[in-house]
Amino acid sequence: MENPKTLQLDFDFEINTIPKAEIKPINVKKAKEDFVFDFMDSLTSPIIVFKSAWQDAVPANVLNKITMSRVLCKMKGEQMASLTEVVAYMMPRTFEAPMPSEWVNIYTWCGLQHTNLFNNSGQKRDMVSAMQEIAPNKLSDYEQGLLKHLRLWIYDKRRKALKASLKNAKQRTPESSIIKQRNIFS
């Protein structure tokens, strides 16, 4: 050793280097486009709800929290719908007819998680305590699988809806600009 004041310890770590053939180049443009689309998805995607006569009955406070819960999911790295979106989707379904016990457990558990996340300094203590009596503390593996499938399905549907709306906006834009140009030169 050249410097006697430092001590080098060898813990016998083996470092396996990645062969150059396995390293994939990062497409910066594609990464930026994905980031922008994900951000747009979080902020502007439509809210997916169960199609029924009750679909307008979802409370405004739940709908207003969806954007924030989407951003929180994105920050966690989750590529699925938020629990708040699950509550908003399932709420109209609960007004239609009784649901199987698994879905009741999922709905009440998601509602409790939403309330705990967005509870404003204990203002809703009575509601939270009532929900804690009804909602399960933990979902079974089967219920977690159903919830994950529903969250992925909602996520997929909302992204497809956003892509369709962006595609429609692109198709409408050139026509309107041509009309504007004609009006300028007329």
For segment 119-128, how many residues are open to solvent by 40 Å² or more (accessible area, probe 1.4 Å), of a type outside the set (Gly, Ala, Ser) and within 20 Å of Asn64 (Cα to Cα)? 5
Those residues that are open to solvent by less than 70 Å² (accessible area, probe 1.4 Å) and of a type in the set (Gly, Ala, Ser), I need them from segment 51-61; list them, please. Ser52, Ala57, Ala60
Looking at Lys163, is it under 26 Å from Thr44 (Cα atoms) and without any contact (Cβ under 8 Å) to a residue 60 or more places away in the chain? yes
Give segment 62-118 a look and list any residue that's charged (D, E, K, R), in contact (Cβ under 8 Å) with a residue 24 or more places away in the chain and either open to solvent by 60 Å² or more (accessible area, probe 1.4 Å) or more than 16 Å from Tyr155 (Cα to Cα) (or both), or say none. Lys65, Lys74, Arg93, Glu96, Glu102
Among the residues of segment 139-153, how many are open to solvent by 100 Å² or more (accessible area, probe 1.4 Å), in contact (Cβ under 8 Å) with a residue 12 or more places away in the chain, of a type in the set (D, E, K, R) and more than 13 Å from Ala81 (Cα to Cα)? 0
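The values are calculated or read from the model by the stated rules, or taken from the named source; none is laboratory data. All figures in this text were calculated on a predicted structure; none of them were measured in a lab. Heads up, the Cβs are rebuilt from the backbone with ideal geometry, glycines too, and the neighbour counts pull from every protein chain shown. Heads up: the accessible areas ignore ligands, DNA and RNA and are worked out on the full protein's heavy atoms, side chains in. Shrake-Rupley method; radii C 1.70, N 1.55, O 1.52, S 1.80 Å.
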